[in-house]
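Shown next, in structure tokens, is the structure this report addresses.
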Amino acid sequence: MKTYLPLAIVIALSTAYGFWWKANQGAIRTKKAVPGHRLNAQILGEALGARATMVQFSSAFCTPCRATHSLLAQMVESMSDVKHIQVDAESHLELVRELDIRSTPTTLFINSQGIEVGRAAGTPKREQVLVALAAIG
């Protein structure tokens with residue numbers, strides 16, 4: 001029985017970590033914003049949305065990035081005051097470092113002044129995006 005105890009502990013810890021990781025993928029966090037940092041059209045290469053902008057950092061071979069892009073692009077079609085901008089993380093490494101982007105896809109939710117008010121690492125769910133956008137205004 002004692003020989004199985006370490007194995008049982010490893011399995012329990014691995015399972016707990018798996019549940020935690022799955023629950024946090026795509027979850028939108030509001031405390032990750034880089035203080036005092038503003039994004040604008042000059043930095044992003046496109047104008048910001050009138051109310052909000054979703055800035056998605058992606059990479060070429062990232063399958064979840066394509067799913068995230070599809071979701072966000074579809075959602076902004078019916079929202080005239082919200083914009084979706086996709087940024088290639090590999091081509092903008094300095095900006096990735098400045099904003100502490102650690103994985104792709106990462107989507108920043110910024111308000112009309114260019115201030116980050118939320119962030120999702122991984123593919124967010126439609127409901128999570130709607131809640132984040134509603135919180136902006």
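The values are calculated or read from the model by the stated rules, or taken from the named source; none is laboratory data. Because the structure is predicted, anything quoted here is derived from the model rather than measured. FYI the Cβ positions are ideal-geometry reconstructions off the backbone, even for glycines, and counts take in every protein chain you see. Calculation scope for accessible area: heavy atoms of the full protein, side chains included, ligands and nucleic acids excluded. Shrake-Rupley method; radii C 1.70, N 1.55, O 1.52, S 1.80 Å.
Residues Thr68, Thr123: which one is in contact (Cβ under 8 Å) with a residue 60 or more places away in the chain, open to solvent by less than 60 Å² (accessible area, probe 1.4 Å), of a type in the set (S, T, N, Q) and under 24 Å from Trp20 (Cα atoms)?
None of the other options fit; the residue is Thr123.
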Filter result for the condition that a residue is on the phi < 0 side of the Ramachandran plot and either open to solvent by 50 Å² or more (accessible area, probe 1.4 Å) or out of contact with any His (no Cβ under 9 Å at 6 or more places or on another chain) (or both), over Ala73, Ala50: Ala50
Unique residue being of a type in the set (Lys, Arg) and at pLDDT below 90 when the list is Arg66, Arg29: Arg29
Test: Arg38 is at pLDDT 95 or above and out of contact with any Phe, Trp or Tyr (no Cβ under 6 Å at 6 or more places or on another chain): no
Filtered residues of the stretch 96-111 (kept if buried (at least 16 other Cβ atoms within 10 Å of the Cβ) and among the hydroxyl-bearing types (Ser, Thr, Tyr)): Thr104, Thr106, Thr107
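Based on this model, can you work out whether Gln86 counts as open to solvent by 30 Å² or more (accessible area, probe 1.4 Å) and assigned to a strand (DSSP E or B)?
On the way: open to solvent by 30 Å² or more (accessible area, probe 1.4 Å): yes; assigned to a strand (DSSP E or B): yes.
Yes; evaluated as a whole, the condition is true for this residue.
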